[in-house]
Amino acid sequence: MSTPTAFAPIGLAGPTASGKSALALALARRWPVEIVSVDSALVYRGLDIGSAKPSAAERATVPHHGIDLREPSEPYSAAAFVADATRAIDDIRARGRAPLLVGGTMLYFKALIDGLDPMPPADPALRHAIEAEAAARGWPALHGELADVDPATAARLAPHDAQRIGRALEVWRASGQPLSSFHSLREQPRGGAALPLIALEPASRTWLHERIAARFDAMLAAGFLDEVRRLRTRADVHAQLPAMRAVGYRQAWDALDEGLEGDALSARVRERGIAATRQLAKRQLTWLRSMPLRQAVPCDADDALERGMALVAAHWGPPR
């Protein structure tokens, strides 16, 4: 990020369906933008429709980074994101172009801005052993074990939250320290503290809910369920992978497990998927509102696009 160029990176965040992509593409028509994705689902190949991945035409018009980096079976983390995003930003600036970080994975934004906890790296062998224990004893039993060694972390996790319980026990067994102890030992941010963050935040919850429903309907019409069916045929993909726990994919997988078909399947996935997406949007807005230096734009205002562009121009100067 330290490369001296005219364009410092800018972040564009917001809940799902708030109009981030539309604003980003509009900005790219006025500045020499390259987009760095800040989205934990877009990193996975094969998760295209349900993640609202930019189309081939959009990616041909504006260079995108941070997309299709992993197979669904491969791990990806906030630390990996910071490394990938930092490298992409440096490369973009070295070309004299404008890095625009766009997405709704607030953990990734926070990691880039605030720095990372120096936790032990993932240990596949240890995680496999924990998963084998869970298969024999059940995740609630391991949640109880976690409560004994790390009550602070256990208190915020559901007894069946396999991914997070597994990681917390992995950290404890690898380091002898509870996961919660690492949150006060942050590494210095890697230049992200200066990242201006524009936040698209709707004034009307109804407006956002209508857009979420319309977007989910469009995904279903585009073949989302067939996409999930294809993923289910892969030997390396299963329901507990982080990729398959993504909103929409989890609900579709569960409905297919229930043996639903036809209109009943579509209706169940639509109902659960929209509800889960609304909850995701609520969490995203909570994250955003905890970031005091963000510059909020009411994305449901008639002049939202103009407001967003004015904020960008204040950082990058007039369009070139």
Practice task
Take the Cα radius of gyration of segment 202-320 and divide it by 2.2 N^0.38 Å, with N its residue count; two decimals is plenty.
Solution key: 1.36
Practice task
Can you tell me the dipole magnitude for segment 124-184 around its Cα centre, using point charges on the Cβ only (Lys, Arg +1; Asp, Glu -1), in Debye to the nearest 20?
Solution key: 120
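Quote to one decimal, in nm, the extra length available between Ala80 and Asp148 on full extension: 0.36 nm per residue of separation minus the C-alpha distance between them.
21.5 nm
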Exercise for the section: Would you calculate, for the chain, the mean residue ellipticity at 222 nm contributed by helices, counting each DSSP H stretch of 4 or more residues as -39,500 (n - 2.57) and dividing by all residues, to the nearest 500? Expected result: -15500 deg cm²/dmol
Exercise for the section: Return the single residue from Ile165, Ile113, Ile49 with maximal mean-square fluctuation; model: Gaussian network over the chain, springs between Cα atoms under 10 Å. Expected result: Ile165
Problem - P(r) tail fraction, segment 48-184 - alpha-carbon pairs more than 21 Å apart, % - result: 55
Practice task
Compute the long axis of helix 304-316 from its Cα atoms, compare it with the longest principal axis of the Cα atoms of the chain, and write down the angle in degrees, 0 to 90, nearest 10.
Solution key: 80
Exercise for the section: For the chain, give the magnitude of the charge dipole about the Cα centre (Cβ charges: +1 Lys/Arg, -1 Asp/Glu; no others), in debye to the nearest 20. Expected result: 720
Practice task
Just the Kirkwood number for the chain, please: inverse of mean 1/r across all distinct Cα pairs, in Å, one decimal.
Solution key: 21.0
Completion exercise
Simple SL model, points at 7 angstrom along Cα→Cβ for Asp68 and Asp263; separation in nm is 3.7
Exercise for the section: Answer with one residue from Trp139, Pro196, Trp316: the one whose Cα lies farthest towards the positive end of the charge dipole of the chain, charges on Cβ with Lys, Arg +1 and Asp, Glu -1. Expected result: Trp316
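Under the 0.36 nm per residue contour assumption, what length would be gained going from the current alpha-carbon distance of Asp226 and Ala132 to full extension?
Details: separation 94, 0.36 × 94 = 33.84 nm, distance 3.12 nm.
Once the chain is fully extended between Asp226 and Ala132, it gains 30.7 nm.
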Handout entry: Full-extension gain in nm, Thr233 to Ser55, via 0.36 nm per residue minus C-alpha separation
Key = 61.7 nm
Fill in the blank from the handout: A student asked for the Cα radius of gyration and Dmax of segment 26-103 in angstrom ought to give 12.5, 38
Completion exercise
Sorted by chain and then number, the residues having a modelled amide H within less than 5 Å of the amide H of Leu200, at least 5 places away or on another chain, are Ala13, Gly14, Val297
Exercise for the section: Report, in debye and to the nearest 20, how large the dipole of segment 1-88 comes out about its Cα centre when Lys and Arg carry +1 and Asp and Glu carry -1 on their Cβ. Expected result: 280
Problem - Acute angle (nearest 10 degrees) that the helix 262-289 long axis makes with the longest principal axis of the chain, alpha-carbon atoms - result: 70
Problem - Overall form of segment 124-184 per C-alpha gyration tensor (a/c, 1.5; a/b vs b/c) - result: oblate
Completion exercise
At the level of C-alpha centres, the distance separating segment 86-106 and segment 253-298, in angstrom, is 27
Fill in the blank from the handout: Both in Å, the radius of gyration and Dmax of the C-alpha trace of segment 64-136 are 15.8, 56
Problem - Spatial separation of Cα centroids for segment 113-165 and segment 6-38, in angstrom - result: 35
Exercise for the section: Would you mind checking segment 149-175 for residues with the amide N under 19 Å from a putative spin-label position 7 Å along Cα→C-beta of Thr286? Expected result: 152-165
Handout entry: Value of Rg/Rh across segment 100-142 [Cα atoms, Kirkwood radius]
Key = 1.21
Exercise for the section: Determine ³J(HN,Hα), in whole Hz, for all residues of segment 22-34 in sequence, where each value follows from phi through the Karplus function 6.51 cos²θ - 1.76 cosθ + 1.60 and θ = phi - 60°; x replaces Gly and Pro. Expected result: 4, 5, 4, 5, 5, 5, 5, 7, 10, 10, x, 7, 10
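Each value in this text was obtained by applying a stated rule to the coordinates, not by laboratory testing. Keep in mind the model is a prediction, meaning the values are calculated, not measured. Note: ideal-geometry Cβ built from the backbone for every residue, glycine included; neighbour counts use all protein chains shown.
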